[in-house]
Amino acid sequence: MTPELSRRDALVALGAAGVATTGLGALAWETLDEDESDGKSPADQRETLVAAAEALYPSDVEGVETFVETYVVGRVQDRTEYFEGVQDAARQLDDHARYWQDAPFADLDRGTRQEVFDGFGLADAEADPDGNEVERVRYYLVNELLYAFYSSPTGGSLVGLENPQGHPGGTGSYQRGPPE
């Protein structure tokens, strides 16, 4: 069975991140006010975030686009400074890909996207919202996308976390024996 991320998974991950999920509405990228002063459209940043998730998440996971959009929009809604950090991280990653691969990050195949991560130094970077560009990309993009995935029921179940924090599972999840 192919694991599939859903909007519900994103809402559970938002709850685990401490975001109140009641009254969040549509949670679509278009609901955010965006600044296009750098010449890159909001769609470019959205595509970069989805492409980053596709490179970070297991290759057989489906539903990544809806999951990422719902999670990111819910996470940045009413948090202007945080939203600017996410946008800046997406721009930095895309600029790095354009410089080294002569193509937007979203246009690269999965293996090349991972090479961009490695070449940018993201594997060894500390996550720091006030740090250098690599540390900010690690904080706002890589860590955030990984946290969202593994705190969701679908992502958590792939690593044996049957009942991730914030996911209602009750006693059924710990009264079952281990899978055989």
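Every number here is computed from the coordinates shown, using simple stated rules; none is lab data. Computed from a predicted structure; not experimentally measured.
What the table shows:
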item	result
For Glu4, distant residues with modelled amide H under 5 Å away	Glu62
Bins of 5 Å, starting at 0 and running to the largest distance - Cα pair percent for the stretch 44-130	3, 14, 23, 25, 21, 12, 2
